[in-house]
Amino acid sequence: MADDIRLAFAHPSERAIATAGDDPRDRISLRDHIVAAEIGAFQAERGTTQRLRFNVVVEVSPLTGTIEDDVDRILSYDRVTEAIAYELAAERLNLLETLAERVAERILLEPQAARVFLRIEKLDRGPGALGVEIARTRRDFGEHLNTLADGAAQERPHPRIVYISNAAMAHPELGAWIDTLAARRAPVIFCVGRPDLPAPQTGHTMTQRRIDLLAIEQNGWMLAARDHRCKVVATRTELDWAMKNGQICVWAPSKIVLDATAGPKAQPRDSVALAAWFAGEMEACELVVIGEALPDGGGLPMRAVAPGAQIFEN
């Protein structure tokens, strides 16, 4: 009995360990994550915010193979905090129980997540912490989880991919173009080509491809140096985070191109076609090409803009 009482008040990570089955799982945890929100059934809790403390443990299915220090292969901690922020922003709730259920469900949308232990506490309703703790598995939500997953897929942002030539990058209107793009609703991801410098030649297809991709990334850093709002990003996980948080990105292509199961047919030297492939992978709302001709084909809206011209007509 004493051990049961201790576990009842222990951190969710201890509960997870104590209830582990014969099939061991890895765990990630979020400890003492504090957010201010309006929540509560009492009249005194309306029109004011109070602090909520979240402690979360997610059991994940073990990875096959090596992690290779690759953020795209693991369940990111950002997914946990995003699930909390999403449900708090969706609507005002009366009960911590409802919030806990919804946060757990959203976390379990992640393919690797198998079981969630979640504790939420109100810190401002008395001398102590008032809270609720739940444990949920994917089975607990059944078919509803698939329905929610379909809805989450539709919620994914559709960025505007903007290819910018070297001449356009050096244009004095660069800052004004970024202002215009940032004011639009769609997230912005810039793509660039190789710099106007001779590239090393290896005479070997695979190594040359890597060198050409790295040259594009060097040019991406040049664009980032011209405007501090542009951040060079290489992974899908960071791109997803940036789009949800209003960050303007410059795509560093090596990782996504080399890791793709069905990679681009275009070679890195054809950087506009590479940008079009990337736009398709990101389900972009459109591809805008500044200072170069449009690539052939493509199943998404594309338009070319001359350097110095307006990006949007209105």
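The values are calculated or read from the model by the stated rules, or taken from the named source; none is laboratory data. These figures come from a predicted structure and were not determined experimentally. A quick note on method: Cβ atoms are made from the backbone with ideal geometry, for glycine too, and the neighbour counts reach across all protein chains shown.
Residue-level check: of (1) buried (at least 17 other Cβ atoms within 10 Å of the Cβ); (2) part of a helix (DSSP H, G or I), CYS249 misses just (2).
Looking at ALA176, ALA182, ALA168, which one is under 26 Å from the mean Cα position of the chain (by Cα) and closer than 20 Å to LYS231 by Cβ?
Details: ALA176 fails: under 26 Å from the mean Cα position of the chain (by Cα); ALA168 fails: under 26 Å from the mean Cα position of the chain (by Cα).
Every option except ALA182 fails the conditions.
In the range 17-33, the residue that is modelled with the highest pLDDT out of those that are hydrophobic (A, V, I, L, M, F, W, C) and under 31 Å from the mean Cα position of the chain (by Cα) is LEU30. Within the range 277-307, being surrounded by fewer than 20 Cβ atoms within 10 Å (Cβ to Cβ), of a type outside the set (Asp, Glu) and closer than 17 Å to MET243 by Cβ holds for GLY280, CYS285, LEU300.
May I ask you to list the residues in the range 179-206 that are surrounded by 12 or more Cβ atoms within 10 Å (Cβ to Cβ) and assigned to a helix (DSSP H, G or I)? Spell out the reasoning first.
To start, the set of residues in the range 179-206 that are surrounded by 12 or more Cβ atoms within 10 Å (Cβ to Cβ) comprises 179-182, 184, 186-195, 199, 202.
Across the range 179-206, the qualifying residues are ASP179, THR180, LEU181, ALA182.
No other residue among ALA252, ALA242, ALA284, ALA260 is free of Cβ contacts under 8 Å to residues at least 24 places away in the same chain and either of a type outside the set (Gly, Ala, Ser) or closer than 30 Å to VAL80 by Cα (or both) apart from ALA260.
Residues in the range 205-239 that are of a type in the set (Val, Ile, Thr) and either without any contact (Cβ under 8 Å) to a residue 24 or more places away in the chain or within 18 Å of ALA275 (Cβ to Cβ) (or both): THR205, THR207, ILE211, ILE216, VAL232, VAL233, THR235.
When residues in the range 89-104 are screened for being at pLDDT 90 or above and within 20 Å of TRP241 (Cα to Cα), 2 of them pass. Scanning the range 258-276 for residues that are of a type outside the set (A, V, I, L, M) and surrounded by fewer than 21 Cβ atoms within 10 Å (Cβ to Cβ) returns ASP259, THR261, GLY263, PRO264, LYS265, GLN267, ARG269, ASP270. The condition of being modelled with pLDDT of 80 or more and either of a type in the set (Asp, Glu) or at positive phi (or both) holds for only one of ASP78, ASP72, that being ASP78.
Inspect all residues belonging to the range 91-101 and state whether any of them is β-branched (Val, Ile, Thr) and in contact with a helix residue (DSSP H, G or I) (Cβ under 7 Å, 6 or more places away or on another chain). There is no residue in the range 91-101 that is β-branched (Val, Ile, Thr) and in contact with a helix residue (DSSP H, G or I) (Cβ under 7 Å, 6 or more places away or on another chain). Checking ALA36, ALA44, ALA83 one by one, the residue that is at pLDDT 80 or above, assigned to a helix (DSSP H, G or I), more than 20 Å from ILE134 (Cβ to Cβ) and not assigned by TED's automatic domain parsing to the domain that holds LYS244 is ALA44 and no other.
Would you confirm, using the coordinates I've provided, whether THR237 is within 26 Å of ASP70 (Cβ to Cβ), within 20 Å of the chain's Cα centre (by Cα) and either in a helix (DSSP H, G or I) or modelled with pLDDT under 95 (or both)? Outline the logic, then answer.
Details: within 26 Å of ASP70 (Cβ to Cβ): yes; within 20 Å of the chain's Cα centre (by Cα): yes; either in a helix (DSSP H, G or I) or modelled with pLDDT under 95 (or both): yes.
Against the criterion (within 26 Å of ASP70 (Cβ to Cβ), within 20 Å of the chain's Cα centre (by Cα) and either in a helix (DSSP H, G or I) or modelled with pLDDT under 95 (or both)), THR237 qualifies.
If a residue has to be in a loop (DSSP other than H, G, I, E, B) and within 29 Å of the chain's Cα centre (by Cα) to count, how many in the range 286-307 make the cut?
Residues flagged as in a loop (DSSP other than H, G, I, E, B) and within 29 Å of the chain's Cα centre (by Cα) within the range 286-307 amount to 7.
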